[in-house]
Amino acid sequence: MGFWSGFAIPTVVIVLQIVAIILPLLVAVAYLTYAERKVLAAMQLRQGPNVVGPFGLLQPLADGIKLLGKETIIPSGANRVLFVAAPMLTFLLALVAWAVIPFQAGWVLADINVGILYLFAISSLGVYGIIIAGWASNSKYAFLGGLRSAAQMVSYEVSIGLVIITVLLCAGSLNLSKIVEAQRTIWFAIPLFPMFVVFFVSALAETNRAPFDLPEGESELSGGFNVEYSSMTFALFFLGEYANMILMSAMTVILFLGGWLPPLDIPPLNWIPGVVWFALKIAMVLFVFIWVRATVPRYRYDQLMRLGWKVFLPFSLLYVVATAGVLVAFDWLP
């Protein structure tokens, strides 16, 4: 009895912690779709969702019930196992990354010393779900969308990696909590502002968001890599994209905007719980994601690749060298 009780209690605690992270995240994903539709409508002088529930607040629930009730159609020439596994992989990867995200001092599921590498690895794996979906659909349009996405995401992961190196040089640690603590004096978005901009634009490309939503080109690919998907398999891609948006916003907040730290360590700002500051900053970054979609036209594919390889890559590489030189010259190494 002693053995099993000692084994069960930590397991139950971990399961409860996982549920405490995933449930609010799923609710946030659902209502991010609502928020996006409302913000886009306001920017285009429309009403947005306003019928289902007060102010349209039950619209995400209605959309979910509709998609659950639809038939899952699998094309006759598709690889059935991979076709169904691809959206599941995309969605699961967006969830498991949250294991190392610190919501507040001490509020983290796995406080590992290589948390930033774990996040980078998980975000890099996201491309596999889209490639598999494009290939397994047995459709030329879906396959072209998958190839576009692979090239796009790999291109911008390079610049994201170099931006992360710059942050690590300034923080002196790969632990996400220590990266946040290193910003008590000044948020990294101020001294590393150019890299902050590069990271945010690369995050737009990494999550296939406008103006870099080329893998989902409706006009030329009839919808891109998910053209053959329907019902909940389509919904999992949709939810995975929005979960990745929240994840990349959380990474932006942790690396550049001080995580759970308030803007100024003075009353009444420092009376607000850190997790509230963290959520507010994520919401602010997500608003910019939506704002960009409403205002910036889609790039051509050659413009997208030129920006990644001929602008961001050399610029971020030079900034890494310059940052390292300044830290060594002034003996500011942490």
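The values are calculated or read from the model by the stated rules, or taken from the named source; none is laboratory data. What you see is a predicted model, and the numbers here were worked out from it, not measured in a lab. Don't worry about glycine lacking a Cβ; one is built from the backbone with ideal geometry, like all the others, and counts go over all protein chains shown. What goes into the accessible areas is simple: the full protein's heavy atoms, side chains included, and nothing from ligands, DNA or RNA. Shrake-Rupley method; radii C 1.70, N 1.55, O 1.52, S 1.80 Å.
Quick one: count up the residues across the stretch 287-325 that are in a helix (DSSP H, G or I), under 30 Å from Ala35 (Cβ atoms) and aromatic (Phe, Trp, Tyr).
5
Given the criteria assigned to a helix (DSSP H, G or I) and in contact with a Phe, Trp or Tyr (Cβ under 6 Å, 6 or more places away or on another chain), does Ala142 qualify?
Here the answer is yes, as Ala142 does meet what is asked.
May I ask you to verify whether Phe103 is touching a helix residue (DSSP H, G or I) at 6+ places or on another chain (Cβ under 9 Å), farther than 18 Å from Glu241 by Cα and open to solvent by 60 Å² or more (accessible area, probe 1.4 Å)?
No: the conditions fail for Phe103.
Looking at the stretch 307-334, which of its residues are farther than 16 Å from Phe196 by Cβ and surrounded by 14 or more Cβ atoms within 10 Å (Cβ to Cβ)?
Correct list: Leu307, Gly308, Trp309, Leu313, Leu317, Ala324, Leu327.
Just name the residue that is most open to solvent (accessible area, probe 1.4 Å) out of those in the stretch 260-306 that are without any contact (Cβ under 8 Å) to a residue 40 or more places away in the chain and aromatic (Phe, Trp, Tyr).
Checked the stretch 260-306; the qualifying residue most open to solvent (accessible area, probe 1.4 Å) is Trp271.
Among the residues of the stretch 40-81 satisfying the criterion of being of a type in the set (A, V, I, L, M, F, W, C) and farther than 23 Å from Leu236 by Cα, which is surrounded by the most Cβ atoms within 10 Å (Cβ to Cβ)?
Only one residue tops the list, namely Ala41.
Looking only at the stretch 106-131, which residues are modelled with pLDDT under 90, of a type outside the set (A, V, I, L, M, F, W, C) and crowded, with 17+ Cβ neighbours inside 10 Å?
Hits for the stretch 106-131 are Gly115, Ser123, Gly126, Gly129.
Going through Lys66, Lys38, Lys70 one at a time, which residue ends up being more than 30 Å from Phe143 (Cβ to Cβ) and among the charged types (D, E, K, R)?
Unique residue meeting the criteria: Lys38.
Output the residue which, of all residues in the stretch 213-237 that are assigned to a helix (DSSP H, G or I), modelled with pLDDT of 85 or more and of a type outside the set (Ser, Thr, Tyr), is nearest to the chain's Cα centre (by Cα).
Only one residue tops the list, namely Phe237.
What's the number of the condition Ala283 fails, among (1) within 18 Å of Leu214 (Cβ to Cβ); (2) within 23 Å of the chain's Cα centre (by Cα)?
Going through (1) within 18 Å of Leu214 (Cβ to Cβ); (2) within 23 Å of the chain's Cα centre (by Cα) one by one, Ala283 breaks only (1).
Show the residue pairs that are 6+ apart or on different chains and have beta-carbon atoms under 7 Å apart, the first residue being within the stretch 239-253 and within 14 Å of Met284 (Cβ to Cβ) and in a helix (DSSP H, G or I), the second being among the charged types (D, E, K, R) and at pLDDT below 90.
Met245/Arg209; Met248/Glu206
Does Val275 satisfy the criteria of being among the aliphatic types (A, V, I, L, M), in a helix (DSSP H, G or I) and under 23 Å from Gly126 (Cβ atoms)?
Here the answer is no, as Val275 does not meet what is asked.
Taking the criterion of being of a type outside the set (Ser, Thr, Tyr), at pLDDT below 90 and either in contact with a helix residue (DSSP H, G or I) (Cβ under 9 Å, 6 or more places away or on another chain) or open to solvent by 40 Å² or more (accessible area, probe 1.4 Å) (or both), would at least one residue in the stretch 82-90 satisfy it? Working first, answer last.
In the first step, residues of the stretch 82-90 are kept if they are of a type outside the set (Ser, Thr, Tyr); the result is 82-89.
Add one more test, that the residue is at pLDDT below 90, and what stays is none.
Within the stretch 82-90, none of the residues are of a type outside the set (Ser, Thr, Tyr), at pLDDT below 90 and either in contact with a helix residue (DSSP H, G or I) (Cβ under 9 Å, 6 or more places away or on another chain) or open to solvent by 40 Å² or more (accessible area, probe 1.4 Å) (or both).
Can you tell me which residue within the stretch 153-197, out of those that are in a helix (DSSP H, G or I) and modelled with pLDDT under 90, is surrounded by the fewest Cβ atoms within 10 Å (Cβ to Cβ)? Walk me through it before giving the result.
Just the residues of the stretch 153-197 that are in a helix (DSSP H, G or I), to begin with: 153-171, 176-181, 193-197.
Checking the rest, the ones that are also modelled with pLDDT under 90 come to 153-154.
Values: Met153: 24, Val154: 13.
Only one residue fits best here, namely Val154.
Going residue by residue through the stretch 274-294, is there one that turns out to be modelled with pLDDT under 90 and of a type outside the set (Ser, Thr, Tyr)?
Within the stretch 274-294 (the criterion being modelled with pLDDT under 90 and of a type outside the set (Ser, Thr, Tyr)), the answer is yes, since at least one residue qualifies.
Give the number of residues within the stretch 104-133 that are within 26 Å of Gly258 (Cα to Cα), assigned to a helix (DSSP H, G or I) and among the aliphatic types (A, V, I, L, M).
Residues that pass the stated criteria total 5.
Being hydrophobic (A, V, I, L, M, F, W, C), part of a helix (DSSP H, G or I) and either over 21 Å from Ala94 (Cβ atoms) or in contact with a Cys (Cβ under 9 Å, 6 or more places away or on another chain) (or both) is the filter here; which residues of the stretch 25-46 pass it?
If the condition is that a residue be hydrophobic (A, V, I, L, M, F, W, C), part of a helix (DSSP H, G or I) and either over 21 Å from Ala94 (Cβ atoms) or in contact with a Cys (Cβ under 9 Å, 6 or more places away or on another chain) (or both), then Val39, Leu40, Ala41, Ala42, Met43 are the ones that fit.
Consider Ala136 carefully, then state whether it is more than 21 Å from the chain's Cα centre (by Cα), open to solvent by less than 10 Å² (accessible area, probe 1.4 Å) and modelled with pLDDT of 90 or more.
yes
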